[in-house]
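Take a look at the structure below.
The values are calculated or read from the model by the stated rules, or taken from the named source; none is laboratory data. Predicted model only: the values in this text are computed from it and were never measured. Neighbour counts are summed over all protein chains in view; Cβ atoms, including those assigned to glycine, are modelled from backbone coordinates with ideal geometry.
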Amino acid sequence: MRTELVSEPGDPARPNEDFASVGLPASGQGGALVVLDGVTPPRGETGCLHSVPWFTARLGGALTELTVSLPDVPLAEALAGAITRTADAHRETCDLSHPRTPQATVVVARWSSETVEYLILSDSALLTESPNRTITPYLDDRLARLPRASLATDAMIDAHVRNKEGGFFTAAADPTVASRAVTGVLPRGEVRALAALTDGATRWVEKFREGDWSDCFTFVRKEGARALVDRVRALELADAEERTYLRRSKTHDDATVVYVEL
């Protein structure tokens, strides 16, 4: 098995709000990867005493533990349990009903000798490679399908589309959101390798159009996860003034890539 994990903050002066892990059980059978992208709150009140990195570290740690230690529990159930555990850790001190309470996108993949299970919530991505080198992206595209007008301001997002029917969903304090995730199970023999990317890394495809998902996966397999993040950073710097590709987006974002060859 080959694994690579690279996670880099968008700004060295700020904590990385992403979380990534690869869990391999002591039995040596199977494993799992977990990738979270913490949602950066706009300036202002969040109702929480804790930072986004505090939240993603606890949610990611709980989700890794539950995914690996309870292999028979469905991933959506494991995510619900991790959300509940994390919420319980600050329920007494923070307003978890606040629309900007710390939250994150989620990608989980778990493999055994027979299956590969996956879960995606919001705009991070999971890519799989078959034995014949066919690349398949697994995405939760609800955010991408929303009309741009509905994303005009942070207040409109909070009021109308974030964790709302007809909008998009992130992991915050409500465990029922786990049932909204994109999930599935693949035969183990159909998956040779996996890659999970936060949207800071998927900019290579979605913002800068350097290639499609198949090209992206091939780049990571051949050049490595670090090379993909470095290429994204170079593209961001080249676009920093003209803003041809990033437009309203921040110049740099936290970028995480996890690659696993089974």
Handout entry: Candidate set from segment 17-39 (those that are assigned to a loop (DSSP other than H, G, I, E, B) and under 13 Å from the mean Cα position of the chain (by Cα)); member that is modelled with the highest pLDDT
Key = Glu17
Exercise for the section: Kindly provide the set of residues from segment 234-262 that are touching a strand residue (DSSP E or B) at 6+ places or on another chain (Cβ under 8 Å) and either part of a strand (DSSP E or B) or farther than 14 Å from Glu4 by Cβ (or both), ordered by number. Expected result: Asp254, Ala255, Thr256, Val257, Val258, Tyr259, Val260, Glu261
Exercise for the section: Being farther than 14 Å from Thr136 by Cα, in contact with an Asp or Glu (Cβ under 8 Å, 6 or more places away or on another chain) and outside any loop (DSSP other than H, G, I, E, B) is the filter here, so list the residues in segment 188-201 that pass it. Expected result: Arg188, Asp199, Gly200
Exercise for the section: Sort out which residues of segment 174-200 are of a type in the set (A, V, I, L, M) and surrounded by fewer than 23 Cβ atoms within 10 Å (Cβ to Cβ), and write them in order of number. Expected result: Val177, Ala181, Val182, Val185, Leu186, Val191, Ala193
Practice task
Could you give me the residue pairs with C-beta distances under 9 Å whose first residue belongs to segment 242-258 and is without any contact (Cβ under 8 Å) to a residue 40 or more places away in the chain, whose second residue is in a loop (DSSP other than H, G, I, E, B) and of a type in the set (S, T, N, Q) wherever it lies, and which are 6+ apart or on separate chains?
Solution key: Arg243/Ser249; Arg243/Thr251
Fill in the blank from the handout: Checking Asp158, Asp141 in turn, the sole residue that is within 22 Å of Pro41 (Cα to Cα), out of contact with any strand residue (DSSP E or B) (no Cβ under 6 Å at 6 or more places or on another chain) and not in a helix (DSSP H, G or I) turns out to be Asp141
Handout entry: Restricting segment 201-224 to residues that are out of contact with any helix residue (DSSP H, G or I) (no Cβ under 7 Å at 6 or more places or on another chain) and buried (at least 19 other Cβ atoms within 10 Å of the Cβ), the residue that is modelled with the lowest pLDDT
Key = Lys207
Practice task
With respect to Thr40, determine if the residue is buried (at least 19 other Cβ atoms within 10 Å of the Cβ), free of Cβ contacts under 8 Å to residues at least 60 places away in the same chain and of a type in the set (Val, Ile, Thr).
Solution key: no
Fill in the blank from the handout: Sole miss for Gly60 among (1) farther than 28 Å from Ala155 by Cα; (2) in contact with a Phe, Trp or Tyr (Cβ under 6 Å, 6 or more places away or on another chain); (3) part of a helix (DSSP H, G or I) is condition (1)
